[in-house]
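Chemist: Just passing along the structure, written as structure tokens.
The values are calculated or read from the model by the stated rules, or taken from the named source; none is laboratory data. Since this is a predicted model, take the numbers as computed values, not measurements. With ideal geometry, Cβ positions are generated from the backbone for all residues, glycine too; neighbour counts draw on all protein chains shown. Protein only, heavy atoms only, side chains kept; ligands, DNA and RNA dropped before computing areas. Shrake-Rupley method; radii C 1.70, N 1.55, O 1.52, S 1.80 Å.
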Amino acid sequence: RTEFSLKEIMSSGGAEDDIPQAERKTVTDFCYLLDKSKQLFNGLRDLPQYGQKQWQSYFGRTFDVYTKLWKFQQQHRQVLDNRYGLKRWQIGEIASKIGQLYYHYYLRTSETSYLNEAFSFYSAIRQRSYYSQVNKEDRPELVVKKLRYYARFIVVCLLLNKMDVVKDLVKELSDEIEDYTHRFNTEDQVEWNLVLQEVAAFIEADPVMVLNDDNTIVITSNRLSETGAPLLEQGMIVGQLALADALIIGNCNNQVKFSELTIDMFRMLQALEREPMNLASQMNKPGMQESTEKPARRENPHKYLLYKPTFSQLYTFLAASFKELPANSVLLIYLSATGVFPSGRSDSEGPYDFGGVLTNSNRDIINGDAIHKRNQSYKEMHCLHPGDLYPFTRKPLFIIVDSSNSVAYKNFTNLFGQPLVCLLSPTAYPKALQDQSQRGSLFTLFLNNPLMAFLFVSGLSSMRRGLWEKCQDYLRKINRDIAQLLTHSRSIDQSFLQFFGDEFLRLLLTRFIFCSATMRMHKIFRETRNYPESYPQLPRDETVENPHLQKHILELASILDVRNVFLENTLDDY
């Protein structure tokens, strides 16, 4: 048991009557706040995970109680020490819960500032050694609380790109796990060692290291910065749509993951966020804005992160996003998933005849699967087909598919005349390119960190910081030129331009064109399936095969001394 009854607490401090009334009230109030906070915290699990409104008032109340509890134990620490027997790990538990609240607030709002708040509470636990005495108590469940705290802290640090802290935490967690399994002969040793392996693989997923002069690794952030997206120039005619919501779906069979984030999901979520601001300057408490104030413009589009969802889970979240999408807004769907190919031959060429990407199958549908295998005329059940997305094209939809069957989504039809774009990954990469798929897809890497992807396909695995920054500057110039190519094109589909007014989508589109142009010029990318595609198709001569852009790519290759990797006279080769 982690808590004592009030009677036990009081009697353990000496004769009950000796305790002054004020101190007795302090302990009673603390027990009340502690119980209330636990009750509210446990209730968070029952809130629906989708829909953006229902949860806010409940979160606000939970924050309120935890804020009171935290201040209360600070103000009355001495009395609680003497009369309640408050232990440091119990203070750590409260701080850990507040860290979790901020992290979940980030997941629900996509506001990166809340990650900083979670980080500060988790850091305080470590700096003040709140959990240091846990190992002296003969209670394995307390040690598990400590291990879980480490795992949660690591997730927050990964999301904030604090890789140096992550490395320290992994070392500490490793020692803690060793001590835990040595002292208690537990069954969860294998699970905890798996946690360590997962985070180690996650940290090493980037294929290229950027180094300082002293050979320490430079931490690069790939969130949108002030200078990130190419600016719209005078006279560019683009739509006024804004990206409001995104579903980021990960269902690759053997990709590096930590917690419920695959490396592809991790990269894409950062491509849809701005650099975090300091929260203190913005507001006092989440969900607690005065109704008279206008809420600040939301910095980031709202996101749902779905790891290996079933079809019904995916559809439920998709429908919730669609329903709550504000006017003049865009819904983005990012699918990083194993390809599902049609099992039988079909005479027709409809939106359910090309397969799609994998959705998770609940084990309870095994019988259905068996029937399905016997009859080749049925469609794949655990698969998101292009046709499944048709109902949602009634509103502006921006789709990114990173899969071995991404081309299934090339056979889209725009039924309702709303802006609609699909960016589709290559379906295969050249054999000569070392297989990196476990460490994340090359296509998604181009959308998240185009320079790192460019270095990787050029055969480079490390680089000095000065040269990296010089290349980043040059890449910004390339992005500006791509933006001009798009907006000046005579034959481009209007959908691309309607999405081009939003900074996040503008950056994704320019990176997509850079990726496509790079692959088309690369000597070992020679098959059509090695190139990204899009729906609607882009006019090649004005975008991905534009001579002006090709010249830029060769210049970037020259700066890096890798020009020999690319074809010089690409136009002659088509």
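Chemist: Let me spell it out: the conditions are (1) of a type in the set (Asp, Glu); (2) at pLDDT 95 or above; (3) over 26 Å from ILE219 (Cβ atoms), and ASP402 meets all of them except one. Which number is the exception?
Modeler: (3)
Chemist: GLY466 is checked against (1) touching a residue at least 24 places away in the same chain (Cβ under 8 Å); (2) open to solvent by 10 Å² or more (accessible area, probe 1.4 Å); (3) not charged (D, E, K, R) and fails just one. What number does that condition carry?
Modeler: In the conditions (1) touching a residue at least 24 places away in the same chain (Cβ under 8 Å); (2) open to solvent by 10 Å² or more (accessible area, probe 1.4 Å); (3) not charged (D, E, K, R), GLY466 misses (1) alone.
Chemist: Return a yes/no flag: does the range 53-69 have any residue that is outside any helix (DSSP H, G or I) and either of a type in the set (A, V, I, L, M) or open to solvent by 30 Å² or more (accessible area, probe 1.4 Å) (or both).
Modeler: Going through the range 53-69, the residues outside any helix (DSSP H, G or I) turn out to be 53-55.
Retained after the next criterion (residues that are either of a type in the set (A, V, I, L, M) or open to solvent by 30 Å² or more (accessible area, probe 1.4 Å) (or both)): 53-54.
Within the range 53-69 (the criterion being outside any helix (DSSP H, G or I) and either of a type in the set (A, V, I, L, M) or open to solvent by 30 Å² or more (accessible area, probe 1.4 Å) (or both)), the answer is yes, since at least one residue qualifies.
Chemist: Okay, next question. Tally time: how many residues in the range 207-240 are open to solvent by 70 Å² or more (accessible area, probe 1.4 Å) and over 22 Å from ARG274 (Cα atoms)?
Modeler: Qualifying residue count for the region: 7.
The rows are residues; the columns are (1) open to solvent by less than 40 Å² (accessible area, probe 1.4 Å); (2) outside the structural domain of VAL144 (by the TED database); (3) modelled with pLDDT of 90 or more; (4) not in a helix (DSSP H, G or I).
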residue	(1), (2), (3), (4)
VAL165	yes, no, yes, no
ASP168	no, no, yes, no
LEU173	yes, no, yes, no
GLU176	yes, no, yes, no
THR181	yes, no, no, no
ASN185	no, no, no, yes
TRP192	yes, no, yes, no
GLN197	no, no, yes, no
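Chemist: Same structure again: Go through (1) under 23 Å from ILE553 (Cα atoms); (2) open to solvent by 60 Å² or more (accessible area, probe 1.4 Å); (3) assigned to a helix (DSSP H, G or I) for LEU445 and report which single condition fails.
Modeler: Condition (2) is where LEU445 drops out.
Chemist: Just wondering, is there one or more residues in the range 461-472 that are within 24 Å of ARG540 (Cα to Cα), in contact with a helix residue (DSSP H, G or I) (Cβ under 6 Å, 6 or more places away or on another chain) and in the same structural domain as THR262 (by the TED database)?
Modeler: no
Chemist: Next up: If you check every pair at least six apart or on different chains, which have Cβ atoms under 7 Å apart with a residue in the range 384-397 that is in the same structural domain as GLY417 (by the TED database) first and a residue that is open to solvent by less than 10 Å² (accessible area, probe 1.4 Å) and part of a helix (DSSP H, G or I) second?
Modeler: Here the result reads LEU384/LEU314; PRO386/ALA408; PRO386/TYR409; PHE392/LEU318, each pair linking the range 384-397 to a residue that is open to solvent by less than 10 Å² (accessible area, probe 1.4 Å) and part of a helix (DSSP H, G or I).
Chemist: Please pick out the residue among ALA557, ALA517 that is open to solvent by less than 10 Å² (accessible area, probe 1.4 Å), among the aliphatic types (A, V, I, L, M), in the same structural domain as GLN418 (by the TED database) and more than 29 Å from the chain's Cα centre (by Cα).
Modeler: Values: ALA517 fails: more than 29 Å from the chain's Cα centre (by Cα).
It is ALA557.
Chemist: In the range 237-258, what residues are assigned to a loop (DSSP other than H, G, I, E, B) and under 21 Å from PHE500 (Cβ atoms)?
Modeler: Of everything in the range 237-258, those that are assigned to a loop (DSSP other than H, G, I, E, B) and under 21 Å from PHE500 (Cβ atoms) turn out to be ILE237, VAL238, GLY239, GLN240, LEU241.
Chemist: Might you let me know whether the range 137-145 holds any residue that is under 23 Å from MET265 (Cα atoms) and open to solvent by less than 50 Å² (accessible area, probe 1.4 Å)?
Modeler: Looking for residues that are under 23 Å from MET265 (Cα atoms) and open to solvent by less than 50 Å² (accessible area, probe 1.4 Å), one finds none in the range 137-145, hence no.
Chemist: Scan the range 151-176 residue by residue and report those that are more than 22 Å from PRO276 (Cβ to Cβ) and in contact with a helix residue (DSSP H, G or I) (Cβ under 9 Å, 6 or more places away or on another chain).
Modeler: VAL170, GLU172, LEU173, SER174, GLU176
Chemist: Among the listed residues GLU273, GLU260, GLU204, identify the single one that is at negative phi, among the acidic types (Asp, Glu), open to solvent by less than 30 Å² (accessible area, probe 1.4 Å) and in contact with a Lys or Arg (Cβ under 9 Å, 6 or more places away or on another chain).
Modeler: Exactly one of GLU273, GLU260, GLU204 is at negative phi, among the acidic types (Asp, Glu), open to solvent by less than 30 Å² (accessible area, probe 1.4 Å) and in contact with a Lys or Arg (Cβ under 9 Å, 6 or more places away or on another chain), namely GLU273.
Chemist: Please work out if GLY350 is open to solvent by less than 10 Å² (accessible area, probe 1.4 Å) and modelled with pLDDT under 95.
Modeler: Details: open to solvent by less than 10 Å² (accessible area, probe 1.4 Å): no; modelled with pLDDT under 95: yes.
Criteria not met by GLY350.
Chemist: Please go through the range 276-310 and pick out each residue that is at pLDDT 50 or above and either aliphatic (A, V, I, L, M) or surrounded by 17 or more Cβ atoms within 10 Å (Cβ to Cβ) (or both).
Modeler: Scanning the range 276-310 gives PRO276, MET277, GLU299, ASN300, PRO301, HIS302, LYS303, TYR304, LEU305, LEU306, LYS308, PRO309.
Chemist: Could you please find all residues in the range 500-516 being at pLDDT below 95 and touching a helix residue (DSSP H, G or I) at 6+ places or on another chain (Cβ under 6 Å)?
Modeler: PHE500
Chemist: Scan the range 417-442 residue by residue and report those that are farther than 27 Å from SER495 by Cβ, more than 22 Å from the chain's Cα centre (by Cα) and open to solvent by 30 Å² or more (accessible area, probe 1.4 Å).
Modeler: Those that are farther than 27 Å from SER495 by Cβ, more than 22 Å from the chain's Cα centre (by Cα) and open to solvent by 30 Å² or more (accessible area, probe 1.4 Å): TYR429, LYS431, ALA432, GLN434, ASP435.
Chemist: Spot the failing condition for GLU111; the list is (1) open to solvent by less than 10 Å² (accessible area, probe 1.4 Å); (2) not in a helix (DSSP H, G or I), and only one is missed.
Modeler: The single condition GLU111 does not satisfy is (1).
Chemist: Can you name every residue in the range 422-440 that is assigned to a loop (DSSP other than H, G, I, E, B) and either closer than 22 Å to ILE513 by Cα or not small (Gly, Ala, Ser) (or both)?
Modeler: Across the range 422-440, the qualifying residues are SER425, PRO426, THR427, ALA428, TYR429, PRO430, LYS431, LEU433, GLN434, ASP435, GLN436, GLY440.
Chemist: Suppose we keep only residues that are in contact with a Leu (Cβ under 7 Å, 6 or more places away or on another chain) and at pLDDT 95 or above within the range 424-450. Which one would you say is nearest to PHE392 (Cα to Cα)?
Modeler: In this case the residue turns out to be LEU447.
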